[in-house]
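Shown next, in structure tokens, is the structure this report addresses.
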Amino acid sequence: MRHPYMTYGGLIASEHYLASSIASEILREGGNAVDAAIVASLSLSVLLPHLGGLGGDFFALVKKGSDIKFIDGSGPSPLGLTREELFKKGYREMPASGPLSITVPGYLDGLYLMWRNYGEMDWRDLVLRAARIAKEGFPVSKSLSDAVKSNKEFLSSDPGSASTYLSIGDRGARQRFKGLASALEKIAQDPREFYEGEIALKIVNYVRGRGGCLSLEDLSSYKAGEGYPVTEEIWGFRAYEMPPPTQGITTLHMMMLTGELEGPSSWGRIKKMVEISRIAYAVRDKYITDPRYMKIGLKELLDPSILEKSDYTINFDRGDTTFFTVMDSNGMAVAGIQSIFTAFGSGLTEPEYQITLNCRASSFSLNKDHVNRLEPGKKTLHTLSSLLLERDGDWYIIGTSGGHFRPQLHWWISTNLIKYKMDYQEALDFPRAYFDLSNNTLVAEEGLEVREDGLSLKVQRYPSRLGVAAIAHMRSDGLKVGCVDIRGDGGCSGTLF
């Protein structure tokens, strides 16, 4: 069993030990949590490109003092991507991958916005640290090696993805991404190079050459946004989640629907998760999309009366994501999460700069009456979110991969911590389950009491990949504790003071 990382200084927990280690150097040099988060995020984009990167999305909750802000680095659909165009091409539902599944990559401008508003160190210096990893090379992780092997056919279908990834070796082999290094070096000088310069031109030409409709106008007009989290008093804590277009409010709804629970391994607990998931996800799919297109506001969404059972039509894809968190010695904290959605996203990788594009548009509906229907320049319902819990000056940060199942996994881990009073590492390592509403299937790791009870049942060996999570705790006395999941390759690092 892993042991928690504890310090009174700064702390980083991420899905790759090298990203945590490199980011901790920033804290040692006097940078704040946001400076370290920039390095952690970009390092993860190099080290785990199948999970997130420059061609994807980035969200963060930033805590500075008592103030918490939401960074929205998600991009809209291209202006040329319409329901009518897809119908003409023979589609009856959104493509799961390929050139027509790509939304505008909001990742980099989201990261840059966070740095502009909160960072203290030089942007160029921070970005060049990640560029050096890509240029000089790093040992391949089990996660990346396994992802390439299991997606070999998918990657082979795109020339850019094939040239970028198919030569990746086994765990421990040295891997360089020289094209990505070159992109990062340009971005270090000017981050808008990605949206308005040569990198943008290369991405657009490649995507359009492969049959997509992403344009220079789509990229050049993009700007990330900042707002506030959605928050509610739950279980004696003040809970914070990411607002729409994310599904963060679904986590809060599940927590609001939770009363007394039977034992942590019990069927009663799992049955309760299934029951409240049906309600919370029904509300999600009825109301949540780009806030500019929503018909009700957050106040109405947080009213308990909205949590009434209704019909649902849900199409789930598990999704691949990477979460990290940073805390500095002054109490500033970042909960960051990034993704290209499923493993290797759309499957398209611009070959010169080795930038893999997301498949986030696959979450849209082609049903004209659906709140999350595809419209040009619209953001889709987004699966990324992170959970903060505060009571009496103590802060917990919880995040995980998991796609559409993330609210269930946030609920599972937070009930482990708060309802069952598990310690940090036990809360992460304890067997998990989630409920796939799209096919009425319960997926559970070994070690839990499971029944069919009208459900399809899929039991996986422990530990499986039912989310790769991390927990950080900042106590009111200044102690910080970080833990990473047994299910991943992650690690914690930090500073003593």
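A simple charge model with +1 on the Cβ of Lys and Arg, -1 on the Cβ of Asp and Glu and nothing else charged puts the dipole of the stretch 177-225 at about 200 debye relative to its Cα centre.
Candidate cross-link partners of Lys223 among the lysines, defined by an alpha-carbon separation under 26 Å and a same-chain spacing of 8 or more, comprise Lys63, Lys64, Lys69, Lys186, Lys202, Lys295, Lys378, Lys379. Bridging of Lys368 to aspartates and glutamates at a Cα separation below 19 Å is possible for Glu84, Glu85, Glu93, Asp285, Asp290, Asp311, once same-chain residues fewer than 8 apart are set aside.
Just name one of Leu113, Ala131, Ala147: the one whose Cα is farthest towards the positive end of the charge dipole of the stretch 89-197 (beta-carbon charges, Lys/Arg +1, Asp/Glu -1). Highest projection toward the positive end goes to Ala147. Rank Gly491, Trp235, Tyr281 by how far each Cα sits towards the positive end of the charge dipole of the chain (+1 on Lys, Arg Cβ; -1 on Asp, Glu Cβ) and give me just the farthest. Among Gly491, Trp235, Tyr281, the one farthest towards the positive end of the dipole of the chain is Tyr281. The protection proxy used here, the mean number of other Cβ atoms lying within 10 Å of each residue, ranks peptides 277-284, 54-61, 231-238 as follows, highest first: 54-61, 277-284, 231-238.
What is the packing order of peptides 30-41, 217-228, taking the mean over residues of other C-beta atoms within 10 Å and listing the highest first?
Details: 30-41: 26.9, 217-228: 16.5.
Going from most to least packed, we get 30-41, 217-228.
With all protein chains kept in place, the per residue accessible area of the chain amounts to 36 square angstrom at a probe of 1.4 angstrom.
For Ser143, what is the net charge nearby, where nearby means another residue's Cβ is under 14 Å from its Cβ and Lys, Arg count +1, Asp, Glu -1?
Here the charged neighbours net out to -1.
Computed about its Cα centre, the charge dipole of the stretch 1-102 is approximately 200 debye, with only Lys, Arg, Asp and Glu carrying charge at their Cβ.
Rounded to the nearest 500, the helix-only mean residue ellipticity at 222 nm of the chain stands at -9500 deg cm²/dmol, with each DSSP H run of n ≥ 4 adding -39,500 (n - 2.57). Taking the stretch 240-272 and a reference point 7 angstrom along Cα→Cβ of Glu449, the backbone N atoms nearer than 19 Å belong to 259-272.
In the stretch 90-239, the portion of solvent-accessible area held by carbon and sulfur atoms comes to 45 percent [1.4 Å probe, whole percent, DNA, RNA and ligands not counted]. For the stretch 366-413, carbon and sulfur atoms together expose 39% of the accessible surface, with a 1.4 angstrom probe and every protein chain in place. Computing Cα extents along the principal axes in Å directly from the structure and comparing it against (i) 117, 50, 32; (ii) 58, 57, 42; (iii) 76, 69, 60 singles out (ii). Dipole orientation for the chain: of the candidates Ser66, His50, Leu86, Leu86 has the Cα lying most toward the positive pole (charges on Cβ; Lys, Arg +1; Asp, Glu -1). When only the Cβ of Lys, Arg, Asp and Glu is charged (+1, +1, -1, -1), the dipole of the chain relative to its Cα centre reaches about 720 debye. Using θ = phi - 60° in the Karplus curve 6.51 cos²θ - 1.76 cosθ + 1.60, the 3J(HN,Hα) couplings for the stretch 83-93 round to 4, 4, 5, 5, 4, 4, 7, x, 7, 10, 8 Hz; x is entered for Gly and Pro. Note that the stretch 192-203 has calculated 3J(HN,Hα) couplings of 6, 4, 5, 9, 9, x, 5, 4, 4, 4, 4, 4 Hz, one per residue in order, obtained from phi through the Karplus relation 6.51 cos²θ - 1.76 cosθ + 1.60 (θ = phi - 60°); glycine and proline are x.
In whole percents, the pair-distance distribution calculated for the stretch 44-129 from its alpha-carbon pairs, binned every 5 Å from zero, is 3, 11, 17, 18, 16, 12, 9, 6, 4, 2, 0. Close amide H partners of Gln175, meaning residues 5 or more places away or on another chain with modelled amide H under 5 Å apart, are Phe138, Val140. Computed from backbone phi with θ = phi - 60° and the Karplus coefficients 6.51, -1.76 and 1.60, the 3J(HN,Hα) list for the stretch 465-470 is 10, 7, x, 10, 10, 8 Hz; x is used for glycine and proline.
In straight-distance terms, cross-link reach from Lys299 covers every one of the lysines whose alpha-carbon lies under 17 Å from its own, apart from those fewer than eight places away in the same chain; here that gives Lys286. On the stretch 455-497, 54 percent of the accessible area sits on carbon and sulfur atoms, based on a 1.4 Å probe. Sorting the segments 479-486, 119-126 by their residues' average number of neighbouring beta-carbon atoms within 10 angstrom, most packed first, yields 479-486, 119-126. In the chain, the DSSP beta bridges split such that about 90 percent are antiparallel, to the nearest 5.
The values are calculated or read from the model by the stated rules, or taken from the named source; none is laboratory data. A quick note: this is a predicted structure, and the numbers were derived from the prediction, not measured. Every residue, glycine as well, gets a Cβ built from its backbone with ideal geometry; the counts of neighbours run over all protein chains shown. Just so you know, the surface numbers come from the protein's heavy atoms only, side chains and all, with ligands and any DNA or RNA stripped out. Shrake-Rupley method; radii C 1.70, N 1.55, O 1.52, S 1.80 Å.
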